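These notes concern the structure reproduced below.
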Amino acid sequence: MILDLDIGNTLSKWRLKDRTSSDIRARGAMWTRDEWRSGDDIPDLDIVDVIRISNVARQDVLEDTVRLLKRRVGTIHIAHSTSKALGIRNGYDIPERLGVDRWLGVLSGYQLTGGCCTVDCGSAITMDAVLPGGQHIGGYILPGLRLMKESLKLGTRKVVIDPEQDALHTLSPGTNTVDAVNHGVFMAATSAINRLYMEICDSHDTALPLLMTGGDAALVSRGLRLPHAHWPDMVYAGLEALFPITQAERNGVLAGMPMVIKPAGLEEMRKALAFTQLL
Ligand SMILES: Nc1ncnc2c1ncn2[C@@H]1O[C@H](COP(=O)(O)OP(=O)(O)OP(=O)(O)O)[C@@H](O)[C@H]1O
Ligand SMILES: CC(C)(CO)[C@@H](O)C(=O)NCCC(=O)O
Ligand SMILES: [K+]
């Protein structure tokens, strides 16, 4: 069995993948600050023979985790951002500093589309673009929905945006604190993504497919007025692309690959952008 780990700043996600069938056998999440010890929400390491890790938490969190796992599992692959991989050139001035979750998303996104814009909605919202030909151009980091709410200190952090509400209602003016904060935060996230995506396509003269991932992706997706695909396993897929193990992975088949959604036309995007620049 393969154990894939996506260690975030607050939440660590794991999944177990069958080496022979390539099926995902189990999934879970735990708080990153908690110790990795087999139990209720943590898989039994006896059945694991290889581990692949993406880590954006502190280095000592990774070291502790690896020390613990190393006693039980033979092979551990740890992903790092590099200046080049799988036909992509990292656009960061110092490539190693690009968050490896972003790098993995770009790697899998490029495998799927041959050039795209990737958005990861987690603690932070990150956005990256890789052009046809493989140049990664860098990207953007914004606070995620929860962080934005938390920063206001109005006590609305725990009141989640109602996923049943239609997106239009969620953009209406709030008539109480919870709605005012939730709608404001939702608007900040979705309008930033809409705008930045169109700016990237405009300035590079290419309509890129848009891929969404992360814990809040389904929610944020509903406020996007753009064709896009949702790929919950996008970061994991980057681990598969970088360290292929199963036959399917060696053949370039990554877990949960969505259908590529045709992007909006460049001319339509330019018209929409013109509305944002009346002066
Ligand atoms: N099981 C869960 N526990 C807590 N939050 C969750 C869970 N599933 C989804 N979320 C939502 O997802 C967001 C975190 O998303 P995600 O796990 O993608 O973040 P990340 O940036 O990859 O990791 P981290 O937040 O640990 O840095 C939270 O803000 C929360 O709204
Ligand atoms: C931005 C986060 C926290 C998103 O998970 C992560 O990608 C990270 O720690 N990145 C390092 C900074 C950077 O990407 O420029
Ligand atoms: K993430």
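The values are calculated or read from the model by the stated rules, or taken from the named source; none is laboratory data. Since we're looking at a predicted model, the values are computed, not measured. FYI the Cβ positions are ideal-geometry reconstructions off the backbone, even for glycines, and counts take in every protein chain you see. In case anyone asks, the SASA skips ligands and DNA or RNA and just uses the protein heavy atoms, side chains included. Shrake-Rupley method; radii C 1.70, N 1.55, O 1.52, S 1.80 Å.
Taking the stretch 5-40 as the range and being within 16 Å of ligand 2 (Cβ to nearest atom), basic (Lys, Arg) and modelled with pLDDT under 90 as the test, only Arg33 passes. Can you find a residue in the stretch 200-212 that is within 16 Å of ligand 1 (Cβ to nearest atom), open to solvent by 10 Å² or more (accessible area, probe 1.4 Å), within 27 Å of Asp6 (Cα to Cα) and in contact with a helix residue (DSSP H, G or I) (Cβ under 6 Å, 6 or more places away or on another chain)? No: the stretch 200-212 contains no residue that is within 16 Å of ligand 1 (Cβ to nearest atom), open to solvent by 10 Å² or more (accessible area, probe 1.4 Å), within 27 Å of Asp6 (Cα to Cα) and in contact with a helix residue (DSSP H, G or I) (Cβ under 6 Å, 6 or more places away or on another chain).
Among the residues of the stretch 47-82, just one is polar (S, T, N, Q), loosely packed, with under 14 Cβ neighbours inside 10 Å and not in a strand (DSSP E or B), namely Gln59. A residue that is farther than 26 Å from Glu199 by Cα and among the acidic types (Asp, Glu) occurs somewhere in the stretch 144-163. Among the residues of the stretch 54-89, the ones that are touching a Phe, Trp or Tyr at 6+ places or on another chain (Cβ under 7 Å) and within 15 Å of ligand 2 (Cβ to nearest atom) come to 1 in all.
Among what's in the stretch 98-157 and is β-branched (Val, Ile, Thr) and within 13 Å of ligand 3 (Cβ to nearest atom), pick the residue that is most open to solvent (accessible area, probe 1.4 Å). Restricting to residues being β-branched (Val, Ile, Thr) and within 13 Å of ligand 3 (Cβ to nearest atom), the top hit is Ile141.
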